[in-house]
Amino acid sequence: MAKKPEQLWTTPAGDALRWVPGTDLSALDPAATPGWTGDRSDGEKLLAARAPELADLQQRLYAHGRTGGDRSVLLVLEGLDTAGKGGIVRHVVGMVDPQGVMHRAFGVPTQEEKEHGYLWRVRNALPRPGHLGVFDRSHHEQVLVVRVDRLEPEKTWRAHYDELNEFEAEVAASGTVIVKVALIVSAAEQKRRLAERLDRPDKYWKYDPSDVDVRHQLPQYMAAYQELLDRTSTQVAPWYAVPADRKWYARLAVTELLTGALRSLDLGWPPARFDVEAEKARLAAS
């Protein structure tokens, strides 16, 4: 008998992808499918099958927020350009009700943001109760691009690791489940995706000449990601290293992680705050 798509996870995504500090990031195969034994077709079937549950769980979260609940979920997406962050937002987060989503893409700080500490703009973007927050890049850039481009002295950016852990512990204690995803794309696949942008007029807008400059810094970025994962994967805010050369797998993996986070809240539907039978009678008489 053929297995159901969900049975093709021999190891749950949360276990297969959770970062174990000390693991050699360079040994991770960006084209691998950890924990998954199916093919692309199977993955796409399960992705579609997860949509109703994901939407239902997110709707329950939103309903609780509207009725005084204090829980929320924050999905953090980190990865080099072309790693697939935008695709995750469109194909995974796009399966839920947008009114319950708070999405923020963090680019170069504005002048106003530069006048505050680096966590100021992040605090302002945290999801409100009942919401699913999505960060496209995040506060972790302070030990990634800041480190690689030498925007701060080493003594300064090294102090950020403890600050990041303290900040995330505070966010988790406030009622937010944090799901941190590092999308790992190979140099070869990144080059192929950049070339595709140059071959298609409809993708010129996504191309940035600086992306080629970043390719010359890949060893430095790999070292930065290694230390980021090792030093900021904590019990309350673990990292999940997701191979991203196969877009369908990355999207499926993040869907599984997000579904798991929402399930962990164990939310039912909020009870009515009015007399249901009395309101039925009033409505019938109106």
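The values are calculated or read from the model by the stated rules, or taken from the named source; none is laboratory data. As the structure is a computational prediction, the values presented were derived from the model and not from experiment. Here the Cβ is made from the backbone with ideal geometry for all residues, glycine too, and neighbour counts use every protein chain on show. Please note that ligands, DNA and RNA were not included when accessible areas were found on the heavy atoms of the full protein model with its side chains. Shrake-Rupley method; radii C 1.70, N 1.55, O 1.52, S 1.80 Å.
Some notes on this structure:
- Point-charge dipole on Cβ atoms (K/R +1, D/E -1) for segment 3-97, about Cα centre, debye to 20: 300
- The charge dipole of segment 198-286, taken about the Cα centre with unit charges on the Cβ atoms of Lys, Arg (+1) and Asp, Glu (-1), comes to about 220 debye, rounded to the nearest 20.
- Only the Cβ atoms of Lys and Arg (+1) and of Asp and Glu (-1) were treated as charged; on that basis the dipole of the chain about its Cα centre amounts to roughly 660 debye.
- Positive-end ranking of 237, 283, 183 along the dipole of the chain, with charges on Cβ about the Cα centre, is headed by 283.
- Accessible area (Å², 1.4 Å probe, nearest 10) - residue 236: 80
- Checking (1) 15.3; (2) 21.6; (3) 19.9 against the coordinates, the calculated mean projected area of the Cα convex hull in nm² falls under label (3).
- Sparse-neighbourhood loop sites, trypsin sites (Lys or Arg not before Pro) in segment 100-208 - DSSP loop, at most 15 other Cβ within 10 angstrom: 150
- Note on the chain: lysine pairs with Cα distance below 19 Å, sequence gap of 8 or more or different chains, count 14.
- Taking the charge dipole of the chain about its Cα centre, with +1 at Lys and Arg Cβ atoms and -1 at Asp and Glu Cβ atoms, the residue from 209, 96, 143 reaching farthest to the positive side is 96.
- Net +/- balance of residues flanking residue 25 in space, Cβ distance below 10 Å, scoring K and R +1, D and E -1: -3
- C-alpha center-to-center spacing [segment 85-117, segment 129-176] in angstrom: 15
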